[in-house]
Each structure stands twice: as C-alpha cells, then as structure tokens.
Amino acid sequence: MMSKHGARWALGLLLTLLAGAQAAAYLPTTLVDRIDLFVYDMRMRVQPAVMDPRIVILNIDERSLAEIGRWPWNRDVVAQLVDQLTAHYHVRAVGFDVVFAEPDTSSGYATLEALAHGALKDIPGFEHKVQALKSSLDYDLRLADALKGKPVVLGYFLSNEPDAVAKGLLPAPALTSADFDGRRIDATRWKGYSANLPQLQHAARGGGFFNPLPDADGVIRRVPLLAKVGDAYYESLALATTRIALGATAVRPIFPKADVNSEAFLRDYGALDAIALNTVPRALRIPVEPYLTALIQFHGQGGPNGGGFQYVSAADVIKGRLPVDTLEQKIVLVGTTVPGLKDLRTAPVRLDYPGVEMHANVISSILNHDFKQRPDTAVEFEIVQAAVVGIVLMIALSALRPVLSILFALAMAGAVIGFNFWMYQSFNLVLPMATALLLILALFVVNIAWGYLFEYRKGRAIVSLFGEYVAPELVAEMASDPARYSMEGESRELTVLFVDVRGFTTISEGLAPNILREYINLYLTAMSENIHHTRGTLDKYIGDAVMAFWGAPVALPDHAARGVATALLMQSTAQALNQDFIRRGWPQLKIGVGLNTGPMRVGDMGSKIRRAYTVMGDAVNLSSRLEGVTKIYGVGVVVGAATKLAAPDYAYRELDRVKVKGKNEPVPIFEPLALEAELDPSRRNAIERWHAALASVRAQQWDLAESEIRQLQRDFPQDGLYTLYLGRIAYYRDHPPVPDWDGVTTFETK
C-alpha cells in the first residue's frame, strides 16, 4: 500500500505533468490565457502616465466639429490643415488616422465638369470657365497639392471580410517576398483594402494601415508593424510615420543568427528577430513579435487627460491659434476622440481608448527603443517553471503544517510574480506565469485537503475547547499544533483582569429592558474585542463584570504588559462608547479595572456537564479586590506590585499600601498612566510631586503633605485621588494614628 506521503506526491506529480502539458499546448485552456492577459493588463494599468513631448495628437474633437462643421470635412479644409502643420508650425511628420477613399464632391465641381462635357457642352466658353475653376473647386486636387513634398503619411484600412475588395491605391510596399531570401515569413495576411485616392497617395510621402489586432477577448494589446497583401509587406501607420519623421529611406528585415537556427528552420518556419529603419548614423532596430507584431506600451489612461500625450484641437490649428512651439518639430497624429466617429477601442487601460493614441504609443516605443517581447523560448520557460514549482511545493507542503504551508505557498507565488515582474522591468520580457500560479493554487488546495483528512481533524478538538475563550487567530495558531495545548490543570504565572461597570444597578433600573440589553451588549462586545486584540483569554462574563487573563493557553512572556495595555485601552474605549451613549440619551459608562500578576492555577475547572477554562488562586482574588477599590481612589485602573514589576515599560503612580479582605500582608497598589516613553513631561513631574507628598503622609508630616497635595489639586482639579488624601489628612489631624502606624489602609469588605 502506498504511504501517505507517497500518494500525496503522486497526486502532486500528476498536477505538475498536467501543468507542463498545458504549457506545451497539449492541453490548452482559455483560463490560463485569460489570467496571463489579465496580468499584462494590470501592468499597463498600474504604470504611471509618462508624457512623451515628441508626439502630439491633433484631435478632431467636439469643438472642432462645432466650429468647422461635421465630419468628413471637405478636402479644402484638410488641405488648410496640412498647410498649417507643415508651413506654419513646421512639424516633423504628420500621420492621418483617417482614410480619404472617396472623391470629394462637396464643392459641386464634379457636377459642373459633367455638365461641361454633357448637357452644356455646346455653350461657348462654358467648358473653359469650368476648367478655370478647377484649382479652387477641385478639393482633392487642392489636398494633393498641399501634400506634395510634405512629411505626411496617409492612413488606410485592410480587410479580411468575405466581400473584401481592393479600393484605392496602396503606398509602395516596405518589403517584398524577394527581400526574405526565400524564407517563409509569418505575417498577418489581408485580402482587401480601402485605401486613399490615387492622386492623394501619389502626392503623400507615405501610407500606413491603421488596423487594430484584438485578442480573443476583444482587447487590443498588439498591432501589426507590417502586414502582407499579396506578395508584398506594407507598413503600419505608426511605422511609416516614424520612418518619415526620422528620415529613414527603407525598412529591412533582421534574421535570426545562423548559428542559432538551421537554414531549414529559417526557410520553413520563417520568423524575424527584428526589422530596421535605415536611419543615420546607424540603423534603428525594432524587435518584432510573431506575425510581425508589437506589444503596445500604453503611456497612460488615454484621451486628452490621460497623461500620455498632448492633445490639441484641430480647430485651433486650422485657425492658427496655437503658439508655434506647441507643434514645432513634433510628430503629429490626426485622429478623433468623438464617440460618434467610431475610433474608440477596447484597451487594457480603458474600454474607450482613442485609436489614434495606440499609434502614438507604438511610435513612442520605437523612438525610445522600448518594446516588451514574449521570447521565443517562452513555452520552454513555462514548462521548466512549472516543473520547478511543482517539485519544490510537493516536498515542502507535505512537510509543513497548515499555517506554514500557506506562508510557503504565498512566498512561492510571490517569487514567481516577483521574478516575472523583474524580467519585465529589467529585460523587457513578457513571460507567462498563469500556469505556475494555478499549479501553486492546485497543489496548495490538494495538500490542505489532504492535511485535513489526515491531520487537521486533530486540531478541531482545540477549536471546540478554546474557541469561546480566545481570539480566532489564536485558536488557529493552537489548532496548527494541538499537542502543545490542553485543558489539564497546571500552575503558571499569569496576569488576570477584572472590569466592572460602576453604578450598574442604578443604570439597569433606569433603562427599559431592550435598551439595557443593547447597552450591555455594546459594552461587553467592546471590552471583549480589547481583550482579543492583545491576545488575551476571555474567561467569563459575571453580570456586568468581565474576567480575562493573559499567558494561557498560549504562553505570552509579556503577559503583564499586555494586561496593562488592555486596561488602558478599555478606559479609552469607554470614553468612545460614551460619545454614542450620550447621543442616544443613555447613562454614561464608567468602569473600574483591577489587574494583578502572580502564580495561579489554570485549566478546566468546570463540571461533567459544562467545561470552564479559568484561573484560580490568591493572585486572582487580589485582582478582583483591586477592581473594587478603583472607585475609592478615583482612578480607572489599579494594578498590583507584581504587575508593575513585570511591565516596567509603563509609568505608574503609587496609590497606597493596602490590606484587602482575605490578605494579611499589605500590598502596594498603583495606577498605570501610559507608556513611559509617551508620558507627558508635566504629568511626569506631577507623579514625582505626588510620590513626595505620599511620603510626607506616611511620615505624618500633615502640613507639608497638605500643601503639596492642594497644589496638585489646583493643577489637576479632576483628580479624585487628591480629594481622598486631603480628607484622610484632615481625619488624621483629629484622630492621630497609633505610634507604630505603617501607612497601610485596611479594607474589611470586598
């Protein structure tokens, strides 16, 4: 029979093999692809917006449409725009994210020309007059004249629709099949196109397609840099505009090195490492993805306020209202953000991303030499990564307890994510990690389930026994190692706390039952949360009193400090509750807290019918007595000397030396005020003055003691301790203590 660990490892190995098969595309799943795409999208979203001042988007916005007229504008207006950009603003290059596929007949010149050759051809001089109007009314000719010799790139659209046709004139191809030395190069292939009028394309410096390339989920993350139509390869709008802006004469392919790939491989599975622009002084290398595409590096959230690129209104350019340096020597892309013109795309950073800005991002990446790439060895990397993750997790998770298993799995996931982001930031590599993350999750779930079946049930008893006493996080810690904890009785040094509501009988008599229930519920909940916050054990509710202790069942070396911190926290919590109670018209909440540290017995002190995990002993009884004297001394918290000694980081004020009922030996009692490091200097001075006055009282120097205490009372009129001692001094003046008086106060009642 296979051992417990052997079966677990076999299951883990199976999951690892399945992950490797998925990475190798033998078991492809859309979930993995979606996670990797989601991670890529999140990278884009969290990247800070970085403005590229070299590129400006000329926006055919709502204001331009209102001022110039609805789109499409007549070509005479577009010609004015080109003239302004090139002659007035001296831009570096212009890329039109629009296509001029149809003749412009808005001037009526075509109608006049048809009449001159038809119905009105016999009218003397009519044809001549029509010809004379050609230069001013033939808007296509007007735009062609404006384009000649200017650094302008016209956009066009490629199509793979079943009814796709070849319309208009394509620009000269960037490459042909002959440029690839017989290699088969994979590229996006297109059957048809809607290009610009021949006279416009002949006049322009270049042309580029503006087709997006959406992934299966409809989100655009990449664009083709080159696309194949027939046997020729054509530039994208971004590539052509960049080439014109940089003065490059041609595009050339860069093949993988011969010592890396065999000639047969290069011939049969053609892929390019990169393309290059023949710029001066050296060629500009542009890495490419499969099918001659490039991942888009989004500079911001997109749009005029996206932070990635400056937007200017087309109307301002046409009217010449912008300063020249706004556009001078800039690359200008002409497009629109108006929803009705349908050039908003789904991008990783937003659902309505301007299409024109996608081209701007690609141009910026080319200029910055900053392209992210999925390496050719991504599949091999994914398989190796899955194998390493699987083997390490199989060994580690089978040996670790549940809590450590969670931490280790999280650490492994963090390592995968961290390495992935490091490769992305440092080496511009986009590596897959969804397979590894899903494998981590699967192995973790399997191991936790396995642990539950064979191990975790041992901890359920701990949860059942201690769940009502300690905070959930402590129960979980105990359940992870149940052998360390039990309800068996034992002796330990612990710190125990009692808190009680002052005047609760009067409060309960003055409130309706339903209001009283809500009042006590809010109070007990707040006090219990304070106890759990410091990892204390909630022992029981005794009417309006709460009993708690620290140091068991989970050992806490600093149990006294945690108890003091809780007592002070309870006082501030009571003040916060009072703000709500006063607003509701309820009585104010005043509490007293007693705290003591010492040896006590802890364990199940209940019966066969009901368990009771609690503490017993003299130290416990003293804590209860100390809670009872808080009202007498006019303070909120009273602690014993042992607690003060065990929690030295707090500042204390000695209140008295007392004998409580049931104790023969006097014990010093103290009021904790705050952490020593946080105590206000004036308060520290008051403590020193008080301790001097207390020494005078014990020395029966009544006048000196009274003088100092009255001064303290003037400084702190709300402090009830001073009133108590002034009363005692007056009493002792009239009833002097016995000669051997030791300054101890005796309490005969609880």
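Asn664 versus (1) under 28 Å from Asp618 (Cβ atoms); (2) surrounded by 12 or more Cβ atoms within 10 Å (Cβ to Cβ): which is the lone unmet condition?
Checking Asn664 against (1) under 28 Å from Asp618 (Cβ atoms); (2) surrounded by 12 or more Cβ atoms within 10 Å (Cβ to Cβ), the one that fails is (2).
Would you mind telling me which numbered condition in (1) touching a residue at least 24 places away in the same chain (Cβ under 8 Å); (2) surrounded by 17 or more Cβ atoms within 10 Å (Cβ to Cβ) Leu344 fails?
(1)
Yes or no: the stretch 240-253 includes at least one residue that is modelled with pLDDT under 80 and assigned by TED's automatic domain parsing to the domain that holds Ser364. Spell out how you get there, then give the answer.
Filtering the stretch 240-253 down to residues modelled with pLDDT under 80 leaves none.
Scanning the stretch 240-253, I find no residue that is modelled with pLDDT under 80 and assigned by TED's automatic domain parsing to the domain that holds Ser364, so the answer is no.
I'd like to verify a number: residues in the stretch 591-627 that are small (Gly, Ala, Ser), in contact with an Asp or Glu (Cβ under 8 Å, 6 or more places away or on another chain) and at pLDDT 90 or above, how many?
Residues of the stretch 591-627 that are small (Gly, Ala, Ser), as a first pass: 592, 594, 598, 603, 606-607, 612, 617, 619, 623-624.
Add one more test, that the residue is in contact with an Asp or Glu (Cβ under 8 Å, 6 or more places away or on another chain), and what stays is 592, 594, 598, 603, 612.
When the remaining residues are screened for being at pLDDT 90 or above, the result is 592, 594, 598.
Matching residues across the stretch 591-627 total 3.
Spot the failing condition for Val638; the list is (1) without any contact (Cβ under 8 Å) to a residue 60 or more places away in the chain; (2) in contact with a Ser or Thr (Cβ under 8 Å, 6 or more places away or on another chain); (3) surrounded by fewer than 15 Cβ atoms within 10 Å (Cβ to Cβ), and only one is missed.
Result: Val638 fails condition (3) only.
Hey, which of the helices (runs of 4 or more DSSP H) in the stretch 495-585, taking only ones fully inside, have at least 3 residues that are among the aliphatic types (A, V, I, L, M)? Step through it out loud before you land on a result.
Values: elements: 504-510, 513-533, 559-584.
Here the list reads 513-533, 559-584.
Among the residues of the stretch 505-528, are any in contact with a strand residue (DSSP E or B) (Cβ under 9 Å, 6 or more places away or on another chain), of a type in the set (Phe, Trp, Tyr) and in contact (Cβ under 8 Å) with a residue 24 or more places away in the chain?
Initial filter on the stretch 505-528 (in contact with a strand residue (DSSP E or B) (Cβ under 9 Å, 6 or more places away or on another chain)): 507, 520, 523-524, 527-528.
Now restrict to residues that are of a type in the set (Phe, Trp, Tyr): 523.
Those left that are additionally in contact (Cβ under 8 Å) with a residue 24 or more places away in the chain: 523.
There is at least one residue in the stretch 505-528 that is in contact with a strand residue (DSSP E or B) (Cβ under 9 Å, 6 or more places away or on another chain), of a type in the set (Phe, Trp, Tyr) and in contact (Cβ under 8 Å) with a residue 24 or more places away in the chain.
Could we say that Val635 is under 24 Å from Arg698 (Cα atoms) and under 48 Å from the mean Cα position of the chain (by Cα) here?
Details: under 24 Å from Arg698 (Cα atoms): yes; under 48 Å from the mean Cα position of the chain (by Cα): yes.
Yes, satisfied.
With the structure loaded, tell me whether Glu654 is surrounded by fewer than 20 Cβ atoms within 10 Å (Cβ to Cβ), part of a strand (DSSP E or B) and among the acidic types (Asp, Glu) or whether it fails that test. Full working, then the answer.
Working: surrounded by fewer than 20 Cβ atoms within 10 Å (Cβ to Cβ): yes; part of a strand (DSSP E or B): yes; among the acidic types (Asp, Glu): yes.
Spelling it out, Glu654 is indeed surrounded by fewer than 20 Cβ atoms within 10 Å (Cβ to Cβ), part of a strand (DSSP E or B) and among the acidic types (Asp, Glu).
Exactly one condition in (1) out of contact with any helix residue (DSSP H, G or I) (no Cβ under 6 Å at 6 or more places or on another chain); (2) part of a strand (DSSP E or B) is not met by Arg43; state its number.
Result: Arg43 passes all but (2).
Per-residue answers, yes or no, for (1) surrounded by fewer than 17 Cβ atoms within 10 Å (Cβ to Cβ); (2) touching a Gly at 6+ places or on another chain (Cβ under 8 Å):
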| site | (1), (2) |
| --- | --- |
| Asp580 | yes, no |
| Trp586 | no, no |
| Val593 | no, yes |
| Gly598 | no, yes |
| Asp604 | yes, yes |
| Ser607 | yes, no |
| Val615 | no, no |
| Asp618 | yes, yes |
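Any chance you could count how many residues in the stretch 385-436 are closer than 27 Å to Met44 by Cβ and part of a helix (DSSP H, G or I)? Spell out how you get there, then give the answer.
Initially, the stretch 385-436 is screened for residues closer than 27 Å to Met44 by Cβ, giving 385-386, 389, 410-436.
Cutting the leftovers down to part of a helix (DSSP H, G or I) gives us 385-386, 389, 410-427, 434-436.
Matching residues across the stretch 385-436 total 24.
Among the residues of the stretch 328-340, how many are in contact with a strand residue (DSSP E or B) (Cβ under 6 Å, 6 or more places away or on another chain) and of a type outside the set (S, T, N, Q)?
Step one: of the stretch 328-340, the residues in contact with a strand residue (DSSP E or B) (Cβ under 6 Å, 6 or more places away or on another chain) are 330-334, 337.
Next cut, of a type outside the set (S, T, N, Q) only: 330-334.
Qualifying residue count for the region: 5.
Output the residue which, of all residues in the stretch 732-744 that are at pLDDT 90 or above and touching a helix residue (DSSP H, G or I) at 6+ places or on another chain (Cβ under 9 Å), is farthest from Phe498 (Cα to Cα).
So the residue we want is Arg733.
Residue-by-condition table, conditions (1) among the β-branched types (Val, Ile, Thr); (2) over 22 Å from Arg562 (Cα atoms); (3) assigned by TED's automatic domain parsing to the domain that holds Ile542:
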| position | (1), (2), (3) |
| --- | --- |
| Pro587 | no, yes, yes |
| Ile591 | yes, no, yes |
| Thr597 | yes, no, yes |
| Ser607 | no, yes, yes |
| Arg610 | no, yes, yes |
| Ala619 | no, no, yes |
| Leu626 | no, no, yes |
| Val629 | yes, no, yes |
| Arg653 | no, no, yes |
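Could you please find all residues in the stretch 609-638 being touching a strand residue (DSSP E or B) at 6+ places or on another chain (Cβ under 6 Å) and not in a helix (DSSP H, G or I)?
Those that are touching a strand residue (DSSP E or B) at 6+ places or on another chain (Cβ under 6 Å) and not in a helix (DSSP H, G or I): Arg611, Tyr613, Thr614, Val615, Met616, Gly617, Val635, Val637, Val638.
If the requirement is being surrounded by 13 or more Cβ atoms within 10 Å (Cβ to Cβ) and in contact with a Ser or Thr (Cβ under 7 Å, 6 or more places away or on another chain), which of these qualifies: Leu712, Leu724, Leu694, Leu704? Full working, then the answer.
Working: Leu712 fails: in contact with a Ser or Thr (Cβ under 7 Å, 6 or more places away or on another chain); Leu724 fails: in contact with a Ser or Thr (Cβ under 7 Å, 6 or more places away or on another chain); Leu694 fails: in contact with a Ser or Thr (Cβ under 7 Å, 6 or more places away or on another chain).
After ruling out the rest, the residue left standing is Leu704.
Name the residues in the stretch 48-74 that are modelled with pLDDT under 90 and surrounded by 15 or more Cβ atoms within 10 Å (Cβ to Cβ), would you?
Ala49
The values are calculated or read from the model by the stated rules, or taken from the named source; none is laboratory data. Predicted model, so just to flag it, every value in this text is computed and none were measured. Counting neighbours? That spans all protein chains shown, and the Cβs are built from the backbone with ideal geometry, glycine included.
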